[in-house]
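> To start, I am sharing the structure in question, which I have written as structure tokens.
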Amino acid sequence: MTQANTYDYIIIGAGSAGCLLAKRLTENPQKRVLLIEAGKNDNYIWIHIPVGYLYCIDNPRADWRFKTAPEKGLNGRSLLYPRGRVLGGCSSINGMIYMRGQAGDYASWVAATGDDAWSWSNALKRYKAFEDYHGDANEWHGKGGEWTVSKQRLRWPIMDVFRKAAVEAGIPSSDDFNQGDNFGVGYFDVSQRKGWRLNTSKAFLRDAAKRPNLTVLTEAVVNRLLIDPMTKNCYGVQYIKDGKTSEVICDIAKLGEVILSAGSIGSVQILERSGVGATAHLHSLGIPVMSDLPGVGENLQDHLQLRMIYKVNGIKTLNTKANTLFGKMMIGLEYIFKRSGPMSMAPSQLGAFAYSSPEQKSANVEYHVQPLSLEKFGEDLHCFNAFTASVCNLRPTSRGSVHIHSIDPEVPPVISPNYLSTDEDRKVAAESLRLTRKMVGSPALQPYTPDEYKPGKQYQTDEELIKAAGDIGTTIFHPVGTCKMGRADDRMAVLDSQLRVRGIHHLRVVDASAMPTITSGNTAAPTMMIAQRAAQLLTGE
């Protein structure tokens with residue numbers, strides 16, 4: 001008889017990947033599944049109101065509240081590095097933008113892994129399987145899946161003007177950024193349902209939680225994986241809840257598996273505490289080595305956004321609308337009665353994909369344009385009308401790392417993204433700032449006399465622009481790659497192409513850390529696609 005604490009699958013992390021996996025794996029009523037989440041339930045109201053990300057990030061109710069080490073490329077600055085600590089994970093606090101990346105990203109994955117299962121055409125089938133698109137089902141989009149993809153419920157005149165300016169600068173208008181070539185400018189599709197944020201807990205877990213074969217454990221921090229040092233079988237998980245240490249067992253005799261879906265930061269922490277990682281680093285912490293994998297925690301990639309701010313005249317932005325009591329009242333009433341307006345806003349509304357220089361083979365920079373401005377996240381909006389045009393290098397060549405420096409699971413790791421550490425990334429940064437100026441200089445914006453507030457027109461040479469990029473650059477919250485998939489001869493590959501951890505049996509990593517290279521856009525949807533692939537592998541579909 002199966003013991004009460006024995007499961008066929010143990011999933012660690014109820015985020016973008018874990019919630020989807022929990023639903024897929026419990027479709028077989030014979031399989032007992034345990035989902036372990038370090039955070040609380042997602043019944044915090046600000047998770048579900050789109051603008052509520054402002055109150056979730058850097059809030060211990062929903063965020064691990066990580067910070068980076070001081071970054072040389074950012075002129076010594078340290079950044080907030082939000083990661084979801086709540087049911088739904090980062091899908092409960094992210095920007096809600098639905099973005100798959102571009103076809104070339106997946107060709108790179110095939111090259112890195114030798115597995116055509118990761119091609120764009122195969123990935124597209126998986127996206128369509130969980131998608132409920134706002135339009136009709138077609139060759140690009142699915143209908144009837146759990147994940148609602150909606151049009152935004154607001155428009156801003158300044159955004160429409162910027163879109164026209166981008167077209168004048170040579171960027172075509174686009175209504176869909178999810179067809180494999182994203183070159184264009186248009187409004188983002190968002191992960192919302194009738195004006196509410198859609199997180200993976202709501203989309204996948206609510207139905208799955210009704211099934212008797214799923215157990216969801218919240219506020220339980222995984223300390224380490226249980227690995228037999230002789231057989232290298234991962235046979236369970238040790239976790240801490242309410243100050244008590246407990247263990248749960250995976251039924252590996254029935255080909256059960258432990259699935260690590262704690263994200264690009266969390267999965268590394270758990271692997272290293274469990275003795276999976278670089279031998280020298282583990283020995284320095286007194287951790288017995290179960291598998292020498294030097295790639296664990298390396299290959300960290302992230303999108304660095306350069307936030308350019310322009311003052312404007314003669315056109316309203318959210319800055320002045322939200323800076324009066326009457327304006328705030330009207331914003332609140334519009335959301336209460338219509339589920340629209342600024343409270344339904346994703347952090348960025350208008351997007352653009354462009355070439356930073358003619359030598360690029362596909363769109364290599366992405367814009368997130370906002371009808372507002374502020375000095376830094378968490379501060380009040382400026383008192384003047386302005387918009388922000390954030391631009392990020394979609395395919396950075398800089399590589400960073402994340403590693404534990406304590407065996408205590410509540411001690412944050414050392415996160416070093418290593419932004420702007422390559423000549424190529426610094427070159428693209430300078431080109432991006434100049435491209436933004438070209439767009440803002442287009443005729444459509446001139447009636448509103450745009451004035452560059454940040455970084456400022458005084459920065460002109462490549463060297464000055466790189467310095468400016470270090471001053472205004474900040475994370476756009478897309479860390480990936482720290483447990484990358486790869487070929488057998490790639491010493492730094494942590495996983496094989498089926499997401500199995502090298503050297504350890506019955507253990508997979510299924511989250512954004514598995515990406516060999518970062519996708520050209522926002523990373524939540526690709527993480528769900530990876531989970532869809534894992535579910536297919538585990539269920540034999």
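> Could you tell me the largest-minus-smallest coordinate of the C-alpha atoms of the range 361-431 on each of the three principal axes, in descending order and whole angstroms?
48, 38, 17
> Could you give log10 I(q)/I(0) at q = 0.09, 0.19 Å⁻¹ for the range 236-392, computed by the Debye formula over C-alpha point scatterers of equal weight, without solvent?
Once normalised to I(0) and log-transformed, intensities are -0.62, -1.14.
> So for the chain, what percent of the C-alpha to C-alpha distances run longer than 42 Å?
16
> Using helices alone, I'd like the mean residue ellipticity at 222 nm for the chain: each DSSP H run of four-plus residues gives -39500 (n - 2.57), total over residue count, nearest 500.
The per-residue figure over the chain is -7000 deg cm²/dmol.
> Report the charge-dipole magnitude of the chain in Debye, nearest 20, computed about the Cα centre from +1 at each Lys and Arg Cβ and -1 at each Asp and Glu Cβ.
Using Cβ point charges on Lys, Arg, Asp and Glu, the chain gives about 1180 debye.
> Find how many whole Å separate the alpha carbon centroid of the range 242-298 from the alpha carbon centroid of the range 464-532.
Centre-to-centre (Cα) distance: 17 Å.
> When only alpha-carbon atoms are used, what values of Rg and Dmax, in angstrom, describe the range 268-347?
24.8, 65
> Using a/c under 1.5 as the rounded threshold, could you call the range 22-165 rounded, prolate or oblate? The axes a ≥ b ≥ c are square roots of the C-alpha gyration tensor eigenvalues, and prolate needs a/b larger than b/c, oblate otherwise. Don't skip to the answer; put the middle values down first.
Details: a/c = 1.30, a/b = 1.13, b/c = 1.15.
Rounded, since a/c falls under 1.5.
> For Y453, what residues show an amide H to amide H distance below 5 Å, using hydrogens built from the backbone and excluding near sequence neighbours?
Correct list: I309, Y310, K311.
> Say R0 is 25 Å: what FRET efficiency, to the nearest 0.05, do S121 and D175 get from their beta-carbon distance?
Using R0 = 25 Å, I get an efficiency of 0.70.
> Treating only the Cβ of Lys, Arg, Asp and Glu as charged (+1, +1, -1, -1), what charge dipole size does the range 88-215 show about its Cα centre? Round to the nearest 20 debye.
In total the dipole reaches around 780 debye.
> Here's something else I'd like to know. Explain nothing, just the number: relative contact order of the chain, from Cα pairs under 8 Å at least 6 residues apart, as a whole percent.
Numbers: 1321 pairs, mean separation 117.5, N = 541.
It rounds to 22 percent for the chain.
> Hey, another quick one. So how strong a dipole does the range 252-386 carry about its Cα centre when Lys and Arg Cβ are +1 and Asp and Glu Cβ are -1, to the nearest 20 debye?
700
> Let me check against my output: what whole-number percent is the relative contact order of the range 1-74, with C-alpha pairs under 8 Å and at least 6 apart?
About 23 percent, as a whole number.
> Same structure again: Express the relative contact order of the range 445-541 as a whole percentage, based on alpha carbon pairs under 8 Å and six or more residues apart in sequence.
20
We did not get these values from a lab; they are worked out from the coordinates using the rules stated. Keep in mind it's a predicted model, so treat the numbers as computed, not measured. Cβ coordinates were reconstructed from backbone atoms using ideal geometry, including for glycine residues, and neighbour counts include every protein chain displayed.
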